[in-house]
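The values are calculated or read from the model by the stated rules, or taken from the named source; none is laboratory data. Just so you know, these numbers come straight off a predicted model, no measurement behind them. FYI the Cβ positions are ideal-geometry reconstructions off the backbone, even for glycines, and counts take in every protein chain you see.
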Amino acid sequence: MSRVGVVVFPGSNCEHDVVSALTALGGRAELVWHAETDLSAYDAVVLPGGFAHGDYLRPGALARFSPVMGAVAALAEAGRPVLGICNGFQVLTEAGLLPGALQKNRGLTFLCQPTTLVVASTRSVLTRGAAVGQELVVPINHFAGSYVCDDATYRALVERDQVVLRYKDNPNGSRGDIAGIANEAGNVVGLMPHPERALTALLGSADGRVLLEGFLAAADDAAAARPLVTAP
Amino acid sequence: MTGEALHRALGLTDDEYALVEGVLEREPNHLELAMFAVMWSEHCSYKSSRLHLRRLPTSAPQVLVGPGENAGVIDAGDGVAIALRIESHNHPSAIEPYQGAATGVGGILRDVFTMGARPLAVMDPLFFGPPDDARARWLVEGVVAGISGYGNSVGVPTIGGELTFDEGYAQNPLVNVLCVGALPRERLVLGRASGVGNLAVLLGSRTGRDGIGGVSVLASAGFAGADGATSLDEEKRPSVQVGDPYEEKRLIEACLALLDEGLVVGIQDLGGAGLTCAASETAARGGVGMDVDVTAVPLREPGMAPWEVMTSESQERMLAIVRPEDLAAVEALCARWEVRSAVVGRVTAPVPDVAGRPVGMLRVRQGFDGPVLAEAPAAALADEAPLYDRPRARPGDLDARLSDDPADEPAGDVAAEVLAALVDPAWAYRQYDSQLFLNTVVGPGRDAALLRLAGPGLPSSERGFALTTDSNPRWCAIDPRAGTALTLVEGIANLACVGATPSAVVNCLNFGNPEHPEVMWQLSEAVDGLAEACRATGLPVIGGNVSLYNESGGRDIDPTPVLGVLGLVERLVAPPPGWTWREGDTVVLVGPREARPDPFPLAGSLFARRRGRRGGRLPAFDDRALATCRFVAGEVARVCAGGASPVAAVHDVSAGGLAAALAEMAAASGVGLAWASPRGHAELFTEAPGRFVVATRDPAGLTGAAEAAGVEASVLGVAGGGRLTLGELCDLAVGGLAERRASALPAALGL
C-alpha cells in the first residue's frame, strides 16, 4: 500500500482531519514535520489547510521557504501525486508549483459554507475517479480563496485542461469560477474546498470521497511504479 | 504621588489598602500594591459576587472538577472527559472590538488546555445596541472579525452562539465566549505548583506593556461617559491586549505535547493579572511558595519596571511547573514548536507564620539570589480578597412593572411581526470555521450545536455532545429570578432538539454596577433562580464568570445571565432531524399548549419589547416543560443512534414565539402550513419555553408516544402549499421567506 505524507507547518490545522479522512478510506497517511528535507519514503504528499506560519506576510508566502518544500518540488517533478488543500493550494502557488495566486474573497470576509463544485476535468490525480460535469457538494473555509491569474495563464489552463473543479455559484470571485487546478502533468493539484470535510452524510456530505479515493488510487499507482528496493 | 493616592489610582479602596497593610504587617511597597490591586480586583477576586455564587449547586456524580479551577470538567464516558468554561470580554471589546474579541477567544482556549484538554469548539454570545447606528455596526463587524480572525487561525471551530440587538447594550456591548475541550480522563491536570525545588517555566510570548491594569482599571469599573466608551475612555485603550493566534496555536500544540509526555507537574495560563495571578494561584493551590526572578522574564521592550512585568496581561503565555531533571526535554520540545521558554521561578517550601502555620510566600526577586522586591503570602493574593456583601435593594418600581402586563396589547399587523422576527445570523457565523476536526454534525444557526466526541489524541467513541448558550435579558429585566430559571429550561429545550440530555451548566453573569443596590438584588435573584432551576433539573454548575460594571453614564445594562448548557448523546451515527418539513407532514405542537398561571403570557416577549412594554407576569417554571424536553430528547436521540422515530423535523419555540418557529420551518422547507385555529395573537407570540414544533409522517405514533410519556401534543395542521396561514391573523407567502430571513441581518447592518 502507498504511503502518503501530510505536511505539518507550524500553524497548519487540518492535518489531523486529512490523516483521519485518508485512513477512513483505507489509505496509509502520516504526519511529516515541515523541517523534513527528504520525502523519498512517500508515494504522495498532501499540504493541508490551516494558517502555515500564521499566514503572516500573506498566505503561503513564508511556507514556501520551509525546508520541506524542496522535497515537495522533487516529488512533484518525479510525477508523484501532490495535493494542496486550501492553505496548501496557497502554498503551492506561492512555491510556483501551480500557476496563479489566491487573493482575498470578494466581499472581504472569511467564508465557511457548503459549495457545489462541478468537475471540469478528470485529467488529474484528484478528479480521475469523477465524471466531467459531476456535481459535488464540498465545503469551503477560507479568507483568501479568490483565484486570479493573467489572461495568458488562464487561456493556457483552459486549453491544457488544467482547470479541474469549478464553483457552480462562485462564492469568492475566483476567475472563471475556478475552485481547483492541476499542473500540466495532472499530478500536482490545488483546490480551495476541503474534500476531507465531505466524507460522510453525518457531517453533511460524502461527495469528497470520490476525490480523495482518486488521490489514494494515484498514490497506489505511484507506489507500484517505484523500482523495487530490497530491504537490507 | 503619595502611597495613598497610588492605591486609589490602582483601583484599591482605602479599606482594602488597610487590609493589605494588615496582611503584610507593614506598608506595602509600590510593587506589592500593584500586585494586590490586580489580584483583589473585582474581575479576579469576585469579591462582590462570591458570597452569592456559593448558593449554586456544584456537585453531581459526573463532575470531575467543579468551579474554582481554570475550567469545569465532567466525565463523558468511554474514558473521555469534557472541560467547559465561559468568560466575558465585554469592556476590552467595547474599546477595541477586534482585539477585545480576539483575545477573549485566546484567553478561554488557554483556560481549557490548561486542564490538559484539547479545545474542540468555541461559542460566542454577543449583545449589541440596535444595528442602525454607525458605532454599533463598527462594534459588530469588529467583534465578528476578531472572533473569525483569531479562532479560525488558531484552529478551533466556532460552532454557534447568540446575536442579540437591544437598546440596553448600545454603549456597553457584551462579548462572552465559551470553550469546550476534551481529554483522555487520565490526563486531567490541575493548575497547581508542587515539589519544592521544581522550576516555574514561562512559555510563549514575551512580556510587554500591553494589558497592564486590564482587570482592575478596565474590567472592574464602568464607562464614565453617557456615550459609553467613545470619548472619555479613549485613554483606556492601552489596557486592551493584542492577540497573536499563531503564537497561541504553537503554544497549544507544545503544551498538549508536554502533558502527553508527562513533562509538567502543573500548568496555568497567564490571563487577567498576568504573572502575579499565575504564580500566586499555582502556589496557593499547591500550598507552597514561589520565588519569581523578575529579570528572567523575556521582555518585548526594554526598561519595564518590575510592577509592569508582574501585572502585564500580554497574551499567549503559560506557566509550567517542571522537575529540574525534565527541563532539557521541556526546552527541546518547546524549541520544536518554536515556543519560547524561560525559567522564571522556583517552588519554595512554605514558612511558618507567627502561629506556626505553614505559609507559602510569593517572592519577587531581582535575580534568583538577588534582593527581594516584593513578598506576600500567595494565598492572601489569590484567595483572601475581601468579600463584600454589598447592599441589595428590590427596585422601587418592581411591583408596578410586574403588574404592567402586555396582555392588553392589540394584535396589530401579525404578518409584519412574524417577518420582523425572521433574522438569520448566517452573516456572522459564515465567517467562522465551524467544521474543523470533522466533528460538527449540527453547526451554527440551529437550536443547539451537535458534535461527535472525537479529536486528535482522544480514544475513539460513538458518543456525541451538544452545546447551547442561552440568555433572555427581556425576561431577566422583569424578574431576574424567574427569568434565569426559564433561561435554563430554554437551554435544555435547545439540547433536546438535537437529542442531547443535559449534563452540566456554566454561567456568565453580566450585570451592571454592583455598587448600585438594585444591581446586587438582580445578581442575587438571578443566582437564586439558577440554583432553583439546577436543583429542579439535577444539573450541576461547573464553572462561571461574573462581569460587573456593565454600565455607562450611570445606566446599567439589563441583567444578562448567559447560560452554557452541555448535553450528551449516547450514540451519534446519524444526523438529527432538522427544521425541514415535507408536503403532507402533520405539524404538531409538543408540550403544554397553555402555560401557567396565564395561558399565553406575553411578558418578556419580543412582541412586548417591540411595543416598549417591559413588564408583566412571566410563565412559571413548569415541570410539564421539562417532561416535554425529556420526551423530545429521547425521540431525537433514537434518530441519532440510527433508529426510527416519528419525529421528522423539530424546532423549539423561543424568541418570536410559535409564529416565528413555524415561519422559520416554513422558510427552511419552502413548504407552507395552514393552522386553522390559533387562540389569538398571544398564543402565536408567547415564548414560554419547553414547547416544540414537530413535523411527523406518523401522527398517531407521535401522539401515542407523547401520551405514554404524559406529554401534551396538539395537531396544528398539515404542511403543504405555498402559504403560511395562522387562522385569520396571518397569511404569508412562503416563497421569498428564506431569502428575506437570510438578508435581514446584512440589511440591518447596511452591508
Out of B:Pro540, B:Pro456, B:Pro561, B:Pro473, which single residue is over 25 Å from B:Asp389 (Cα atoms) and not basic (Lys, Arg)? B:Pro456
Quick one: is A:Met1 in a helix (DSSP H, G or I), in contact with a helix residue (DSSP H, G or I) (Cβ under 8 Å, 6 or more places away or on another chain) and away from every other protein chain (no Cβ under 14 Å)? no
If I filter region B:149-171 for residues that are in a strand (DSSP E or B), within 14 Å of chain A (Cβ to nearest Cβ) and not small (Gly, Ala, Ser), do I get at least one hit? yes
Exactly one of (1) within 19 Å of the chain's Cα centre (by Cα); (2) at pLDDT below 95 is unmet by B:Pro502. Its number? (2)
Scanning region A:65-108 for residues that are within 14 Å of chain B (Cβ to nearest Cβ), of a type outside the set (A, V, I, L, M, F, W, C) and surrounded by fewer than 19 Cβ atoms within 10 Å (Cβ to Cβ), the one farthest from A:Val46 (Cα to Cα) turns out to be A:Gly107
Any idea which of (1) in contact with a helix residue (DSSP H, G or I) (Cβ under 9 Å, 6 or more places away or on another chain); (2) acidic (Asp, Glu); (3) farther than 26 Å from B:Arg365 by Cβ is the one B:Glu32 doesn't satisfy? (3)
Sort out for me the strands (runs of 3 or more DSSP E) sitting completely within region A:113-222 that have 3 or more residues that are under 14 Å from A:Leu83 (Cβ atoms) and either within 14 Å of chain B (Cβ to nearest Cβ) or in contact with a Gly (Cβ under 7 Å, 6 or more places away or on another chain) (or both). A:188-191
If I filter region B:316-341 down to residues being closer than 14 Å to B:Leu251 by Cα and more than 14 Å from chain A (Cβ to nearest Cβ), which single residue comes out as surrounded by the most Cβ atoms within 10 Å (Cβ to Cβ)? B:Leu319
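Suppose the filter is surrounded by fewer than 24 Cβ atoms within 10 Å (Cβ to Cβ) and closer than 30 Å to B:Pro410 by Cβ; does B:Pro577 pass it? Explain how you work it out, then say what you get.
Values: surrounded by fewer than 24 Cβ atoms within 10 Å (Cβ to Cβ): yes; closer than 30 Å to B:Pro410 by Cβ: no.
For B:Pro577, the condition - surrounded by fewer than 24 Cβ atoms within 10 Å (Cβ to Cβ) and closer than 30 Å to B:Pro410 by Cβ - is not met.
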Select, from B:Ala71, B:Ala94, B:Ala83, B:Ala60, the only residue that is more than 15 Å from the chain's Cα centre (by Cα), buried (at least 24 other Cβ atoms within 10 Å of the Cβ) and in contact (Cβ under 8 Å) with a residue 60 or more places away in the chain. B:Ala94
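Return yes or no: is B:Leu139 touching a residue at least 40 places away in the same chain (Cβ under 8 Å), surrounded by 19 or more Cβ atoms within 10 Å (Cβ to Cβ) and closer than 30 Å to B:Leu458 by Cβ?
Working: touching a residue at least 40 places away in the same chain (Cβ under 8 Å): yes; surrounded by 19 or more Cβ atoms within 10 Å (Cβ to Cβ): yes; closer than 30 Å to B:Leu458 by Cβ: no.
Considered against the rule, which asks whether it is touching a residue at least 40 places away in the same chain (Cβ under 8 Å), surrounded by 19 or more Cβ atoms within 10 Å (Cβ to Cβ) and closer than 30 Å to B:Leu458 by Cβ, B:Leu139 comes out as no.
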Mind listing whichever residues of region B:43-57 are in contact (Cβ under 8 Å) with a residue 60 or more places away in the chain and either touching a Phe, Trp or Tyr at 6+ places or on another chain (Cβ under 7 Å) or within 28 Å of B:Ala536 (Cα to Cα) (or both)? B:Tyr46, B:Lys47, B:Ser48, B:Ser49, B:Arg50, B:Leu51, B:His52, B:Leu53, B:Arg55, B:Leu56, B:Pro57
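Could you say which residue among B:Gly457, B:Gly491 is in contact with a strand residue (DSSP E or B) (Cβ under 7 Å, 6 or more places away or on another chain) and within 14 Å of chain A (Cβ to nearest Cβ)?
On the way: B:Gly491 fails: within 14 Å of chain A (Cβ to nearest Cβ).
Being in contact with a strand residue (DSSP E or B) (Cβ under 7 Å, 6 or more places away or on another chain) and within 14 Å of chain A (Cβ to nearest Cβ) holds for just one of B:Gly457, B:Gly491, which is B:Gly457.
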